[in-house]
Structure formats: structure tokens, C-alpha cells
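The values are calculated or read from the model by the stated rules, or taken from the named source; none is laboratory data. All of these numbers come straight from a predicted model, not from anything done at the bench. Because the Cβ atoms are built from the backbone with ideal geometry, glycine has one as well, and the counts that use them run over all protein chains shown. The protein model used for the area step is the full one, side chains on, heavy atoms only, and it has no ligands, DNA or RNA in it. Shrake-Rupley method; radii C 1.70, N 1.55, O 1.52, S 1.80 Å.
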Amino acid sequence: MTKTYAVIGDPIDHSLSPALHNAAYLFLGMDCTYIAYRIPKGELESDIESLKKIGVAGFNVTIPHKVDMMQLLNYTDEECRLVGATNTVVNDVGYLNGYNTDVDGFLDPLRGRKIDCKGLDVLLLGAGGTARAIVAAFSKEKIHKITVANRTEERAQSLIRFAHQLGLESDYSDLKNAGDIAGSYKFIVNATSVGLKGIGCPISTKRIGKDSIVYDIVYMPVETPLIEQSKNQGATIIYGWEMLLAQAMKSFEIWHKIPAPYEAMKLTLLGRF
Ligand code: NAP
């Protein structure tokens, strides 16, 4: 019988996950299908019961359900507990196991480039849901310090408290002035949504140089203004699509317990941009 997988969230029609996973199934000749399923906030619990009833084998979880979904799980892995959110669920005959592939998905492109983060100072732009997974990821890598720059200071302070709980040194910078201090950081990560659709650069890049590593998790377009300008300054670049692909591959491997087809999924993803 064909196994069905899904991504749940709201909005969901822009999601690239169905294309990515269906490409993998086609490439490997697997009898599986992956759909996007819109679940509005407030309807999570009842809709999860429906997914269980129709026997959906597993699903990804995205905005706005990543945190609330935690309450409905029977098991959570270490990353879920670390971040307080899930993005991948296995339905084991009604018993829901939750995982979080954002943490390792974020780290994968660094490991691929053999970048050792231990002892580094990181400038993190943004303090939203994904920034939290990024702080958890850097705590695993034993960085020295993370400075959080965000438009809304209150959200940054909450993330700084989270970093402290994980044993990280952490402080705050105003996003408006973060470009002025960027030269003091080896690693700059953009986890704001600024740059989406090619509009805006979160900071001035004048102090970013050839020793800087710039990781922009915004993946649409591939070359955001931050990436384009940082590249011109000679920085090492890590693209948002790399994280997107890595976390999708990790979900695939949790569900199917076989290696995900990197090239087929990458070609599909880049073909969508
Ligand atoms: P989120 O929870 O909504 O957080 C959005 C962040 O962007 C907040 O820090 C917000 O600041 C900031 N922001 C939004 N508009 C801004 C503006 N005009 N000026 C300055 N800051 C602004 O979203 P998220 O889930 O963390 O996602 C953030 C981005 O990462 C999105 O573009 C998303 O597509 C991308 N993403 C990529 C991947 C990947 O795999 N590559 C994975 C997840 C997310 P305030 O706190 O001040 O509102």
C-alpha cells in the first residue's frame, strides 16, 4: 500500500517539501507520496487525530505548530527537548515520535566544509523560531560567545536567556548597529527574514571581510543581498538552501531508514528557484 507523508503548517502552499520528497520517491522508485496539509492555528489537536486515523506514516511540522506539536507527542528526541520544538514526526501506529532536524540540518553545511566552530564568536541576526534552533546547534559545537541582534530587543533577550541556560556566553546588539561590530566576529548568521525575495540586507556589510563566514538561512533567492555583498567582500558563504536540503534529507532518513538521494533532491530544489 502507498505510504503517505505530509508537511503541516499554515501557510503551507509555498512549501518546497512535497517537491523534494516526491523527487526522492520517484528517484528511488519508492511507493510513497508526500502532500502539503494546511492546519490553521487552534485546529492542531483535532487534525492530528485525523492524520492518525487515515494512517499518515509521518509528517514535517512548520510554522505555527513546531512548539505546540510537542504536547501531542509520545516520544521526543534530544534535539526536540533542547529546542522545545519539533519538525519531524513518525506515526508508529498511532504512537507519535518527534524529532528536530533543524539543529543538525543547520550544522551539516559547516561539517561538510570542515568548519570547526569551537571557541568562535558568532553574530546571530534574528531571534525567531529558527534562531532558537541555531543557538541550540551552536551550543552543541561549543562556541565561545553568541551575540544576538534583533529588531525587537525583548525577543533577543529571551533568546539570550535560552543561550545562558545552555551554558553559552551571550549578549545583545541593536540590529541597526550590528554591521559596525560585524568585523569582530568570525561567523555571521542571518536568521531574520530580511533578504527574502531579494529585498533588503539585514546589516551593513562594510566590515565583513575575507576572514568572515556568512551563513544566510534565507533561501529565496539563492543569492540574497547579504550573500551577494558579503561575497564581494571575499567572505566564505553558506547558503540557506543547504540547510533546507540537509534538514529534509534528515527527515527522509528518519522515516525510511535509508540514505536520502542528495543529487536528486538538490536538483529538484535548485530547479524550483
Ligand atoms: P520567525 O520566527 O517569524 O522570525 C522572523 C525573524 O525575522 C525575527 O527575528 C524578526 O524580528 C525578523 N524580522 C522580520 N522582518 C524583519 C524586518 N523587516 N527587519 C528586521 N528584522 C525582521 O521566522 P523563522 O522561522 O525564524 O524564519 C526566519 C527566516 O528563516 C525565514 O525567512 C525563513 O524562510 C528562513 N528559514 C530557512 C530555513 C532553511 O532551512 N534554510 C529554515 C527555517 C527558516 P522581530 O523579532 O523583531 O520580529
### Query
Exactly one of (1) over 14 Å from the mean Cα position of the chain (by Cα); (2) under 24 Å from residue 1 (Cβ atoms); (3) open to solvent by less than 10 Å² (accessible area, probe 1.4 Å) is unmet by residue 88. Its number?
(1)
### Query
Could you say which residue among 209, 200 is assigned to a loop (DSSP other than H, G, I, E, B), surrounded by fewer than 17 Cβ atoms within 10 Å (Cβ to Cβ) and more than 12 Å from the ligand (Cβ to nearest atom)?
209
### Task
Take the residues in segment 212-247 that are touching a Pro at 6+ places or on another chain (Cβ under 8 Å) and under 11 Å from residue 189 (Cβ atoms), then tell me which one is nearest to the ligand (Cβ to nearest atom).
243
### Message
Tell me whether segment 98-107 contains one or more residues that are open to solvent by 50 Å² or more (accessible area, probe 1.4 Å), among the β-branched types (Val, Ile, Thr) and under 20 Å from the mean Cα position of the chain (by Cα).
### Response
no
### Message
Can you tell me which of (1) under 27 Å from residue 114 (Cβ atoms); (2) modelled with pLDDT of 95 or more is the one residue 173 doesn't meet?
### Response
(1)
### Query
Among strands (runs of 3 or more DSSP E) lying entirely in segment 88-180, which contain 1 or more residues that are closer than 21 Å to residue 208 by Cβ and not acidic (Asp, Glu)?
121-125, 145-150, 169-174
### Matching entry among 137, 149 (being at pLDDT 95 or above, under 13 Å from the mean Cα position of the chain (by Cα) and among the small types (Gly, Ala, Ser))
137
### Message
Can you tell me which of (1) touching a residue at least 24 places away in the same chain (Cβ under 8 Å); (2) in the same structural domain as residue 57 (by TED's automatic domain parsing); (3) open to solvent by 30 Å² or more (accessible area, probe 1.4 Å); (4) of a type in the set (A, V, I, L, M) is the one residue 93 doesn't meet?
### Response
(1)
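Residues 191, 264: which one is within 13 Å of the ligand (Cβ to nearest atom) and touching a helix residue (DSSP H, G or I) at 6+ places or on another chain (Cβ under 8 Å)? Outline the logic, then answer.
Working: 264 fails: within 13 Å of the ligand (Cβ to nearest atom).
The unique qualifying residue is 191.
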